[in-house]
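J.: To start, I am sharing the structure in question, which I have written as structure tokens.
Quick note: the coordinates plus some simple rules give every number you see, no bench work behind them. For clarity, every value in this text was computed on a predicted model and none was experimentally measured. As a convention, Cβ positions derive from the backbone with ideal geometry for all residues, glycine included, and neighbour counts pool all protein chains shown.
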Amino acid sequence: MYGAAIKKHIMLAVAILPMIFATACGSQKSEEEINAERLLSEVKSCYSGKQYDKAMSMIDSLMKTYPGLLDVQRAAMHYQTLIIEKQTLRDSTDNEQLYSENRAIADSLLKQFRYIKTADMVEGYYVPKQIGADELIKATGIETRIDESKNIYLVTSLYGSSIRHSSLMASSEAGEASTKEVPASNPRNYRFSDNGTSVEMVTFNAQECDSLCAFIADNASKTIKIRFAGKSRSHTITLPERTKKAIAACYRLYQAESKVKTAELNRLKYTKKLQLTRKQIKQTATNIQGERK
């Protein structure tokens with residue numbers, strides 16, 4: 001009787017052993033899983049240490065190296081969204097600083113300008129206070145202005161010489177720069193007669209004159225020559241000190257206002273990015289919790 005009972009227990013133990021071994025083997029992690037989790041742990045450490053760029057690089061490596069480990073992938077994606085949130089907040093803070101600095105610079109510079117708008121003008125413009133309203137009447141020269149949208153533009157006047165100029169070139173010991181061409185067919189390139197004297201005037205917008213204005217602003221302390229360039233002829237003048245200083249002031253204001261505009265656009269971009277990222281944070285957190293159930 002006892003022999004039969006002992007035999008029964010032995011047979012039961014033998015039957016259970018394979019199940020125990022199978023369970024033990026099944027609970028052991030593969031080398032791939034161990035390496036992936038180690039990398040994920042490093043991601044967490046970098047996140048805690050605010051090493052966001054390094055963490056993002058590790059996440060990218062983890063995603064590519066271990067695409068089949070879904071648990072690790074989901075956790076990595078969650079950290080990715082958390083890092084994007086932190087980076088966006090950091091970029092947003094930097095952007096607000098940039099906005100404040102350039103808004104202050106622009107406001108300070110604008111005090112040195114005056115606004116001009118006559119009854120026959122659709123839109124007014126700003127020029128440095130030392131520049132008169134009719135500087136280009138009966139004269140050869142150039143003048144930069146800031147329009148109501150705070151963009152720079154340049155107006156030329158070639159008085160008493162008919163060459164049909166369509167571009168300008170500035171040169172000094174530092175090098176040279178030029179505007180883009182405004183062809184004679186463009187309404188911003190116009191000619192007329194002032195009691196028999198030929199007058200040519202061309203208006204260059206910001207995209208067309210930006211490089212030349214920057215060159216003059218950077219080299220205002222040097223002698224700068226301006227060449228009015230036509231198809232077959234040209235006319236050259238030396239830029240007066242007063243004009244160089246006025247162009248430099250206009251360009252500085254234009255730069256500051258451009259940075260303000262960029263910061264305003266970035267402000268909207270970061271706001272939208274944060275909204276989207278925070279939705280993704282919730283979703284990736286839900287994905288992790290759902291996997292654990």
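J.: Which lysines have a Cα less than 26 Å from the Cα of K54, not counting those fewer than 8 places away in the same chain?
T.: Answer for K54, where 26 Å is the Cα cut-off: K44, K64, K86, K269, K272, K273, K279, K282, listed by chain and number.
J.: Starting from the Cα of E31, step 7 Å toward the Cβ, then list every residue of the range 66-102 with an amide N under 16 Å from that point.
T.: 66
J.: What is the range 85-144's relative contact order, in percent, from Cα pairs under 8 angstrom and six or more apart in sequence?
T.: Relative contact order comes out at 19 percent.
J.: Regarding the chain, what is the average projected area of its C-alpha convex hull, in nm²?
T.: Hull-based average projected area comes out at 26.2 nm².
J.: Let me ask something else about it. Would you calculate the separation in nanometres between label points at L98 and M121, each defined as 7 Å from the Cα along the Cα-to-beta-carbon direction?
T.: 3.2
J.: Tell me which aspartates and glutamates have Cα within less than 20 Å of K231's Cα, excluding those fewer than 8 residues away on the same chain?
T.: Counting by Cα, and skipping residues close in sequence, K231 has these aspartates and glutamates nearby: E176, E181, E200, E208.
J.: Could you tell me the distance between the Cα centroids of the range 204-257 and the range 121-180, to the nearest Å?
T.: So the separation of the two Cα centres works out to 8 Å.
J.: Also: Give me the aspartates and glutamates in straight-line cross-link reach of K29: C-alpha distance below 19 Å, same-chain residues under 8 apart excluded.
T.: Hits, sequence-local ones excluded: E37, E42, D71, E291.
J.: Quick check on the range 67-161: what does the Kirkwood estimate of hydrodynamic radius come out to from the alpha carbon pairs, in Å?
T.: Mean inverse Cα-Cα distance, inverted, gives 18.1 Å.
J.: Percent relative contact order of the chain, based on C-alpha pairs within less than 8 angstrom and at least six residues apart?
T.: Reported relative contact order: 19 percent.
J.: Once you put a point 7 Å from the Cα of A133 and another 7 Å from the Cα of K50, both along the Cβ direction, what distance in nm separates them?
T.: 5.5
J.: Report the percentage of all Cα-Cα pairs in the range 206-293 whose separation exceeds 19 Å, rounded to a whole percent.
T.: Values: 2441 of 3828 pairs.
Across the range 206-293, Cα pairs with separations above 19 Å total 64 percent.
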